[in-house]
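What follows is a set of notes on a single structure, which appears directly below.
Each value in this text was obtained by applying a stated rule to the coordinates, not by laboratory testing. Computed from a predicted structure; not experimentally measured. Positions of Cβ are generated from backbone atoms using ideal geometry, with glycine treated the same way; all protein chains shown enter the neighbour counts.
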Amino acid sequence: MVEGKNSEIIKHVLDTLINISSRKTTKGHALFTMNELMQTLREKYNFLKHIEINDNRFSESQEPITIMSDINSINTNEIGDALYDIIKTMNLKLGKEAGHFFIKELKNNLQENYGESFEEMGLDLGLMQLEYEINELTKKIQK
């Protein structure tokens, strides 16, 4: 059984992605990138329309991420696939600014509370980090 509701897990993942990205770039750039990414992925994952990214840099009362409860009825494997694409694409969009251990840092921030949920969703952040490192090594070898 998944430890938390889909909306809670997604919100925590997106908040953590934005916080990590904000430290490596700026909060405005992180929010813009996440919003752009979500709009692109809505074509593949229709349920992402239930997530809104807000630029709250100038508003203390507004949360950066709003998730409607409708997302809790979505199959956890679909949520896992979407989170995989969100994390991977965010890492690629930030490029070198994300840093070599972007996914590992995300894993360290989330694994304790959501490790079992990620397993049930088919989301393995350790494997994602390894895939990223192999892809980077392959690029270096090909040069």
Could you tally the net charge around T40, taking each other residue with its Cβ under 14 Å from the Cβ of T40, Lys/Arg +1 and Asp/Glu -1? +2
Would you mind ranking H100, H29, H50 so that the residue whose beta carbon has the fewest other beta carbons within 10 Å leads the list? H100, H29, H50
Extension reserve of the K44-E133 stretch, reckoned as 0.36 nm per residue once the Cα distance is removed: 29.5 nm
Compute the Cα gyration tensor for the stretch 6-142, then decide on rounded, prolate or oblate, letting a ≥ b ≥ c be the square roots of its eigenvalues: rounded whenever a/c is under 1.5, prolate when a/b is larger than b/c in the other cases, and oblate in all that remain. oblate
Loop-resident GluC sites (Glu not before Pro) in the stretch 32-138 with no more than 11 other Cβ atoms inside 10 Å, DSSP not H/G/I/E/B, are E43, E60
